[in-house]
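The values are calculated or read from the model by the stated rules, or taken from the named source; none is laboratory data. All values derive from a computational prediction rather than experimental measurement. Neighbour counts run over all protein chains shown; Cβ positions are idealised from the backbone, glycine included. The protein model used for the area step is the full one, side chains on, heavy atoms only, and it has no ligands, DNA or RNA in it. Shrake-Rupley method; radii C 1.70, N 1.55, O 1.52, S 1.80 Å.
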Amino acid sequence: MLRPFVAYLRVYEPLSAFGEPPGRPLLDAVKAAKLTRGTVGEREQRMWLKSQTAAPVRLLPAELADGKAAPSTRTDVLVLDPADVPSGGAASEPYVCPLELRARSAAALVNFLGDAHPTLRASILSAGGVTAETVRSRTTSALGELLRPAVHVLSTTWTVPLPWFAIVEPEERKLVLGKGRQDPARELSWRVAMSDAVIRVAEAQDLVENTLGESGPARILAETGQWLDNFDDDAVIELDYGGLVQLLDDETLSSDHSAEDVHGILDALRTGNVERLGGLFSKLREYWAGLASQEHHN
């Protein structure tokens, strides 16, 4: 089964950050650690399909018929062993990243309906058999159940926002080719301690704002920095290509230098090397535009 063509920026927090002690359902879920990076996309996909095929149709995934959160919202988590945490991670306990699919979907629905044309918005509400007031109530409830003021997972389809690569160092990448494109073990990812991530984002934001202005990449970096501020100081950040690894053959995936090229762009901005800046930007734009263009064939 194909994974969704989605890339992720995740925050894993030490287990103790979820309560002293954490609730029993979470403790049991962490001990079981059923979800993996390779299966989490399928899990989210199944939850979406289940919400749309239920009777009545659910407004949000991981939601019961009465609009309350399903028990799985407390147990759908990714677990990171402390042995796999990069240097700088202080905790000696499991690290946990809740999927928070219901809350993430609620935030996406609010943004979509807020930006949608009134005719489209009315059509969607009518098709779902709900009113705008119902949507506001249910999404507010879902977002209000978050442990933090922000979700632990950001996701993007068909591409990776280039400013995200400022968080990682090229040599920190983890590459697993597996036995082919559909192998669940296939992976391209980076993990970095929160302390390093915060510094890197702030430095990149200052540099980009001072050279290119506050829009575009600088805005994404600012928003990313604000998002990171919501989490434990000992957290770990993971940039994961997710299902995008299915779009690339072994040679292309192995030779992916996006993180290195983004850091090259930052160096070019520092030194004022316009020629290098233009070349790297064109290279990245062509590479990621080629991936994104595959959306039109699916």
**Message:** Rounded to the nearest angstrom and ordered from largest down, what semi-axes does the equivalent ellipsoid of the range 16-55 get from its C-alpha gyration tensor (root of 5λ)?
**Reply:** 26, 14, 8
**Message:** Normalised by the empirical 2.2 N^0.38 Å for globular proteins, what value does the Cα Rg of the range 85-214 take?
**Reply:** 1.39
**Complete:** For the range 219-272 (alpha-carbon point model, no solvent) the Debye-based log₁₀ I(q)/I(0) at q = 0.18, 0.21, 0.28 Å⁻¹ works out to -0.92, -1.01, -1.06
**Request:** Give the residues of the range 143-157 whose amide nitrogen is closer than 15 Å to a point set 7 Å from the Cα of Val130 in the direction of its Cβ.
**Result:** 143-145
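Considering only protein heavy atoms, with the full assembly of protein chains and a 1.4 angstrom probe, order Ser105, Ser16 by accessible area, largest first.
Ranked from most to least accessible, the order is Ser16, Ser105.
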**Request:** May I ask you to list the residues of the range 165-191 whose amide nitrogen lies under 18 Å from a point 7 Å from Cα along the Cα→beta-carbon direction of Glu42?
**Result:** 177-188
**Request:** Report the calculated FRET efficiency for Val274 and Asp233 (r = Cβ-Cβ distance, R0 = 41 Å), to the nearest 0.05.
**Result:** 0.60
**Fill in**
Using a 1.4 Å probe on heavy atoms of the protein chains only, the accessible area for Asp81 in Å², nearest 10, reads 80 Å²
**Prompt:** So which lysines can Lys179 reach, going by Cα to Cα under 19 Å and dropping same-chain residues fewer than 8 places off?
**Reply:** none
**Hull volume in cubic angstrom per residue (convex hull over the Cα atoms of the range 1-68)** = 132 Å³
**Asked** Extension gain Val110-Ala202, at 0.36 nm per residue separation less the Cα-Cα distance, in nm?
**Response** 30.3 nm
**Item:** the range 139-298 - convex hull of alpha carbons, volume per residue in Å³
**Value:** 145 Å³
**Complete:** Rounded to the nearest whole number, the per residue volume of the convex hull around the C-alpha atoms of the chain in Å³ is 151 Å³
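Nearest 500 deg cm²/dmol is fine: what mean residue ellipticity at 222 nm does the chain get from its DSSP H runs of n ≥ 4 alone, each adding -39,500 (n - 2.57), divided by its residue count?
Rounded to the nearest 500, the figure is -14500 deg cm²/dmol.
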